[in-house]
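For reference, the structure discussed in these notes is given below.
The values are calculated or read from the model by the stated rules, or taken from the named source; none is laboratory data. Bear in mind the structure is a predicted one, so any value in this text is a computation, not a measurement. When we count neighbours, we look across all protein chains shown, and the Cβ atoms used for this are built from the backbone with ideal geometry, even at glycine. Keep in mind that these areas ignore ligands, DNA and RNA; they rest on the heavy atoms of the full protein, side chains included. Shrake-Rupley method; radii C 1.70, N 1.55, O 1.52, S 1.80 Å.
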Amino acid sequence: MMEKLTVTEKALIDSATEIIKLNFDRKNLNHTVGAAVRYTNGNVYSGVNVSSIHEACAEVIAIGNAISCGERDFECIVAIGRDNSDKVYSPCGNCRQFILEYAPNCHVIVETEAGIKKSRITSLVPYAYHRPE
């Protein structure tokens, strides 16, 4: 189920936009996506994708940054792409699985036919793989 964005989610988009504006790599295209993730305590962490032989997506970098600071209660995440734009990117399949494993109750901000909305990660990954217990 898609939901409208709140002021808080719009601010999260601004955080992701700012990180890619600061770090966009026009020459080598090594940093083309920025992400921001908010936690239930209101803290926001951001990151950019890192390209090499094995790319790390911006969402993974942002979540890793937050985990390194002791955060565990994810609330919402968004990725903004390329060329200092305000284009909201939907997470790739690997990122969807990663978010699901670390934050099964997290909202994800995505672009839809009806505009920018948020959805629970579980709605974006039906029939997801779960590690055996």
Test: residue in the range 41-48 that is over 22 Å from Thr8 (Cβ atoms) and part of a loop (DSSP other than H, G, I, E, B): no
Count of residues meeting criterion [farther than 20 Å from Glu9 by Cβ and among the polar types (S, T, N, Q)] in the range 55-105: 4
Scan of the range 1-40 for residues that are under 20 Å from Arg120 (Cβ atoms), open to solvent by less than 70 Å² (accessible area, probe 1.4 Å) and not in a helix (DSSP H, G or I), ordered by number: Glu3, Leu5, Thr6, Ala35, Ala36, Val37, Arg38, Tyr39
